[in-house]
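Read through the structure below, which is laid out as structure tokens, and then see the notes.
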Amino acid sequence: MAPATAKGRGTRERIVLAATELVGERGVAGTSLDAVGERAHASKGQLYHYFSDRDDLMRAVARSTSDTVIAGQAELLAQVDTIDGIRAWIDAVVAMQEQREARGGCPIGSLAGQLAEHDDGAREELADGLERWESAIRAGLERMAARGELRAEAEPALLAQRTLAAAQGGLLLTQVRRDPGQLRAALDGALETILAARRDGEEPA
């Protein structure tokens, strides 16, 4: 349940932010409640007031991380109903990896590797984040289909699933190989699949 007061909401948000930062720096296993309290300037009592235990806090981190990833792409994802829009989204996510020197991978994917087999609640939060990401891509492709730009047999849901899978695989390879070209290749492959689903006689934009 969300805190009833603005002060309470601020304290809770500060705790989640501190925990998220520490998980990014040290990983889930290396993040203790004591460290979170110190970073957030919150007492142990405050931590247990807003979160039942460490797992509950990690679920909040998973939710916050998913929210941040989706919000960071929201404007671009709203435009993936054209080939140019899809290319712009691809260019943006690849550019982000270039800026990060191919470090960090996907924040949602990184947490999944640490939390999914440990806590089902955290896994569900991360699954919801991926579903929202996929849904945004699917919505754009469905708009293309509604305008008659895709073949009648094209399946926007399947194309969106393949696109997200390409993004996740490309991000992992980029992180491990320290090469943003891995993400570019994976997403270009997804784009080729979408282009192949366009109606006959249409030239790619």
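The values are calculated or read from the model by the stated rules, or taken from the named source; none is laboratory data. Note that the structure is predicted; figures quoted are calculated from it, not measured. Positions of Cβ are backbone-derived with ideal geometry, glycine not excepted, and every protein chain shown enters the neighbour counts.
In contact with an Asp or Glu (Cβ under 7 Å, 6 or more places away or on another chain), under 24 Å from residue 66 (Cβ atoms) and in the same structural domain as residue 77 (by TED's automatic domain parsing) - does that describe any residue in segment 105-120?
At the first step, the residues of segment 105-120 found to be in contact with an Asp or Glu (Cβ under 7 Å, 6 or more places away or on another chain) are 119.
Checking which are under 24 Å from residue 66 (Cβ atoms) leaves us with 119.
Keeping just the survivors that are in the same structural domain as residue 77 (by TED's automatic domain parsing) gives 119.
The answer is yes, given that some residue of segment 105-120 is in contact with an Asp or Glu (Cβ under 7 Å, 6 or more places away or on another chain), under 24 Å from residue 66 (Cβ atoms) and in the same structural domain as residue 77 (by TED's automatic domain parsing).
Could you count how many residues in segment 36-87 are over 30 Å from residue 198 (Cβ atoms) and not small (Gly, Ala, Ser)?
Summing the residues that are over 30 Å from residue 198 (Cβ atoms) and not small (Gly, Ala, Ser) in segment 36-87 gives 23.
In segment 1-60, which residues are farther than 18 Å from residue 125 by Cβ, assigned to a loop (DSSP other than H, G, I, E, B) and not small (Gly, Ala, Ser)?
3, 5, 41
Out of 38, 25, which single residue is out of contact with any helix residue (DSSP H, G or I) (no Cβ under 8 Å at 6 or more places or on another chain) and at pLDDT below 95?
Result of the check over 38, 25: 25.
Considering each residue of segment 44-64, count those that are over 13 Å from residue 28 (Cα atoms) and touching a residue at least 40 places away in the same chain (Cβ under 8 Å), and give that number. Quick ask: steps written out before the conclusion?
So the first thing to find is which residues in segment 44-64 are over 13 Å from residue 28 (Cα atoms), and the list is 44-53, 63-64.
Filter again for touching a residue at least 40 places away in the same chain (Cβ under 8 Å), leaving 50, 63-64.
Within segment 44-64, residues that are over 13 Å from residue 28 (Cα atoms) and touching a residue at least 40 places away in the same chain (Cβ under 8 Å) number 3.
Given the conditions (1) among the acidic types (Asp, Glu); (2) loosely packed, with under 14 Cβ neighbours inside 10 Å; (3) in a loop (DSSP other than H, G, I, E, B), which single one is not true for residue 192?
(3)
Consider residue 74 against the criteria (1) touching a helix residue (DSSP H, G or I) at 6+ places or on another chain (Cβ under 6 Å); (2) in the same structural domain as residue 133 (by TED's automatic domain parsing); (3) not polar (S, T, N, Q): it satisfies all of them except one. Which criterion is unmet?
Exception for residue 74: condition (1).
Only one of these conditions is not met by residue 142: (1) of a type in the set (D, E, K, R); (2) closer than 16 Å to residue 69 by Cβ; (3) in contact with a Pro (Cβ under 7 Å, 6 or more places away or on another chain). Which number is it?
Residue 142 satisfies every listed condition except (2).
Give me the pairs: first residue in segment 171-195 and in the same structural domain as residue 159 (by TED's automatic domain parsing) and closer than 18 Å to residue 92 by Cβ, second residue in a helix (DSSP H, G or I) and of a type in the set (Asp, Glu), beta-carbon distance under 6 Å, and six or more apart or on different chains, which are they?
Here the result reads 180/98, each pair linking segment 171-195 to a residue that is in a helix (DSSP H, G or I) and of a type in the set (Asp, Glu).
Take the conditions assigned by TED's automatic domain parsing to the domain that holds residue 122 and in contact (Cβ under 8 Å) with a residue 40 or more places away in the chain and apply them to residue 69. Does it pass?
On the way: assigned by TED's automatic domain parsing to the domain that holds residue 122: yes; in contact (Cβ under 8 Å) with a residue 40 or more places away in the chain: yes.
Taking the combined requirement at face value, the residue satisfies it.
Which of the residues belonging to segment 5-48 are polar (S, T, N, Q), surrounded by fewer than 19 Cβ atoms within 10 Å (Cβ to Cβ) and within 22 Å of residue 113 (Cβ to Cβ)?
Matches in segment 5-48: 32 only.
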